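The values are calculated or read from the model by the stated rules, or taken from the named source; none is laboratory data. Note that the coordinates shown come from a computational prediction; the quantities given were computed from them, not determined experimentally. Counting neighbours? That spans all protein chains shown, and the Cβs are built from the backbone with ideal geometry, glycine included.
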Amino acid sequence: MADMKPVPAIRIERAEKRYGGAAGFTAVSDVSLTVSPGSIHGLLGPNGAGKTTTLKMLLGLVRPSGGDFEILGEPAGPAVRARVGFLPEQPYFSPLLTAGELLMLHGRLSGMSASDVSARTSTLLARVGLEGREDTRLAKYSRGMLQRIGIAQALVAAPEVVVLDEPASGLDPVGQRDVRDLMMGLAEDGTTVLLSSHQLSEVEAVCDEVTILNHGKVAAEGAIDDLLNVAGRTSVRARGTATTLPADVQSLMEDVAVSGGVWVFSVPDSAVRAVVDILDDNGWAIEAILPKRQSLEEYFGRMLDESRTVAEEQAVSR
Amino acid sequence: MNRVFAVARAVVSDAIRRRLVWIVVLFSLVLAASIPMLPSYGVGVAEAVYREIALAMTYVAAMVVTLVLSVARIPGEVERRTVYSVLARDVRRWEYVLGTWLGIVLTLGAATLAFGAIIFGVGWVMYGEPMWLLWQGVAAIWMEAGIIAALCVAVSTVTLPVIVAIAALAFLFIAHVRADLLGGPQNPLWHVYPSLDAFNIIAPVAHGSGVSLMYLATMTAVFAAWVAMLTLLGALGFSRRDL
């Protein structure tokens with residue numbers, strides 16, 4: 001019997017959005033992405049890369065020029081959107097409403113009964129760090145509190161898929177950590193999270209997979225470890241009292257960082273055993289040996305630089 | 001329909017908390033109370049003049065409230081992106097448009113009911129008789145305001161509030177000059193001209209005759225037809241719009 005693959009929580013196939021007809025511009029072109037159920041998938045890209053347009057097409061806010069959109073195995077129409085929660089970027093809600101009334105509105109729009117919404121409200125507010133604020137008018141909320149109530153409205157109907165557009169925007173470091181914990185908690189509960197974010201550290205910390213958009217196209221995609229691990233190099237972390245590393249090691253190492261007697265550097269995979277032996281013979285303590293991994297910020301910056309260089313070369317050749 | 005009512009409820013709740021609606025109602029109370037203080041009318045016509053001015057004032061107040069509530073409702077929600085978290089749910093665009101109109105028209109209902117109660121109460125106190133016919137006029141005004149609200153909502157799905165306001169005022173003008181422009185029913189354009197004259201029953205109410213139940217039923221049917229057409233246009237316009 002053939003293996004049954006789980007139905008993707010989100011599947012976007014060859015999405016396209018053009019504005020202004022033939023002479024207009026293409027905001028999104030041939031974008032495909034698949035989000036596994038229960039995962040946290042990051043959608044990255046510089047401003048104008050097409051992230052928000054892609055999300056809007058998925059959620060029916062923008063009419064696609066082409067492509068297929070599926071959520072939980074069904075065409076991404078209004079019916080299946082009852083199982084989706086969405087936090088728009090920089091959400092705004094009527095300042096005349098209280099938090100309780102806002103959640104009641106969105107719960108009712110999702111088909112919940114008033115009693116179900118009421119029963120869920122205090123738990124939900126506590127989950128986003130707004131306990132006891134149910135009767136406070138949103139006019140009195142700070143930017144960070146509005147972001148939190150925005151997350152609460154996205155979660156009010158206990159959705160199976162949550163789409164978050166810059167959820168940590170406007171939050172202080174504690175708030176950002178809370179949002180990270182919240183996303184990881186959602187994934188642990190089996191909820192799928194599609195996260196669009198500029199905060200690369202946030203994406204790197206929580207996402208299982210990422211799709212990077214640039215100029216409306218997919219520039220890179222895959223498991224975050226696969227993208228960030230540097231092929232052929234290993235990172236070594238060693239502690240010692242000497243002010244320099246042995247000469248034989250110096251000739252092999254790159255990306256060196258030193259702090260408080262701890263040295264971190266990378267060497268070719270083929271030289272790891274030799275480097276470890278040299279360090280050991282010279283009285284150094286090896287603290288860690290790991291595959292060399294660049295930060296998402298480094299990867300992202302390098303990818304954008306390469307893209308810019310290619311574009312400039314193409315412009316020159318024309 | 002639950003989603004339509006949920007949207008309508010949000011609109012009503014939001015509108016009730018905007019003080020402007022109730023300032024207009026309060027202003028009307030002051031004006032209604034001052035009508036009998038105008039220079040003396042001829043004997044026997046004082047009540048008729050009161051009814052005419054009271055209904056005219058109610059009409060103006062209702063239209064002001066209509067424009068305030070409906071001109072910028074949808075453009076504002078789109079501009080502030082409030083609409084995103086609503087339409088990203090299991091909510092169709094037509095449900096949003098219909099719910100918005102319903103919320104506005106229910107708020108208008110409460111406001112015109114308040115206007116009606118004020119002019120009815122003042123009339124009763126000042127002239128010693130309950131002027132029940134005033135309620136016919138109030139109902140007609142509410143229906144006409146409901147049509148204007150539907151027009152505003154429909155136009156506002158595709159354009160800016162200032163254009164919506166201009167369109168609404170232009171329509172109000174055009175819809176009340178059919179007789180001046182076309183003369184009478186003998187003109188072939190008479191029956192296709194967009195007229196709201198059917199809702200102008202101030203004169204029969206003011207002069208004490210009112211209108212028949214059949215006329216009220218016909219007026220209600222015209223109201224329903226206008227609203228259905230405009231709401232459909234609004235839903236079509238909004239469904240094609242990228243947000």
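Kindly provide the set of residues from region A:92-132 that are at the interface with another protein chain (Cβ under 9 Å from one of its Cβ atoms) and over 20 Å from B:R3 (Cβ atoms), ordered by number.
A:Y92, A:L96
Looking at this structure, is A:A238 touching a Phe, Trp or Tyr at 6+ places or on another chain (Cβ under 8 Å) and surrounded by 15 or more Cβ atoms within 10 Å (Cβ to Cβ)?
Criteria met by A:A238.
Take the residues in region A:112-125 that are hydroxyl-bearing (S, T, Y) and assigned to a helix (DSSP H, G or I); name whichever of them is surrounded by the most Cβ atoms within 10 Å (Cβ to Cβ).
A:T121
With the structure loaded, tell me whether A:D135 is farther than 23 Å from B:A10 by Cα, of a type outside the set (F, W, Y), outside the structural domain of A:E306 (by TED's automatic domain parsing) and touching a residue at least 12 places away in the same chain (Cβ under 8 Å) or whether it fails that test.
No.
Mind checking which pairs have a first residue in region A:146-165 that is away from chain B (no Cβ under 11 Å) and a second that is among the basic types (K, R) and in a loop (DSSP other than H, G, I, E, B), Cβ under 6 Å, 6 or more apart or different chains?
If the second residue must be among the basic types (K, R) and in a loop (DSSP other than H, G, I, E, B), the pairs left are A:E160/A:R83.
Given the criterion within 14 Å of another protein chain (Cβ to nearest Cβ), surrounded by 23 or more Cβ atoms within 10 Å (Cβ to Cβ) and part of a helix (DSSP H, G or I), identify the matching residue among B:L69, B:L108, B:L20, B:L55.
The unique qualifying residue is B:L69.
Return the residue satisfying two criteria in turn: it lies in region A:260-318 and is free of Cβ contacts under 8 Å to residues at least 24 places away in the same chain and among the β-branched types (V, I, T), and of such residues it is farthest from A:E209 (Cα to Cα).
Here the answer is A:V316.
What about B:V25, is it farther than 28 Å from B:V158 by Cβ, away from chain A (no Cβ under 14 Å) and loosely packed, with under 14 Cβ neighbours inside 10 Å?
So B:V25 fails the test.
For A:R143, state whether it is surrounded by fewer than 15 Cβ atoms within 10 Å (Cβ to Cβ) and either in contact (Cβ under 8 Å) with a residue 40 or more places away in the chain or away from every other protein chain (no Cβ under 11 Å) (or both).
When the stated conditions are applied, A:R143 passes them.
Could you tell me whether A:L279 is assigned to a helix (DSSP H, G or I), within 30 Å of A:L164 (Cα to Cα) and not charged (D, E, K, R)?
No: the conditions fail for A:L279.
Would you mind stating whether B:V78 is in contact with a His (Cβ under 8 Å, 6 or more places away or on another chain), within 14 Å of another protein chain (Cβ to nearest Cβ) and surrounded by fewer than 24 Cβ atoms within 10 Å (Cβ to Cβ)?
Considered against the rule, which asks whether it is in contact with a His (Cβ under 8 Å, 6 or more places away or on another chain), within 14 Å of another protein chain (Cβ to nearest Cβ) and surrounded by fewer than 24 Cβ atoms within 10 Å (Cβ to Cβ), B:V78 comes out as no.
Let's see how each residue does on (1) modelled with pLDDT of 90 or more; (2) of a type in the set (G, A, S):
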residue: A:S196; (1), (2): yes, yes
residue: A:S201; (1), (2): no, yes
residue: A:A205; (1), (2): no, yes
residue: A:V210; (1), (2): yes, no
residue: A:N214; (1), (2): no, no
residue: A:V218; (1), (2): yes, no
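Being within 15 Å of the chain's Cα centre (by Cα) and either surrounded by 14 or more Cβ atoms within 10 Å (Cβ to Cβ) or at positive phi (or both): is that true of A:L58 here?
Judged against the criteria, A:L58 is not a match.
Mind checking whether some residue in region A:131-144 is within 28 Å of the chain's Cα centre (by Cα), part of a helix (DSSP H, G or I) and not hydrophobic (A, V, I, L, M, F, W, C)?
Yes.
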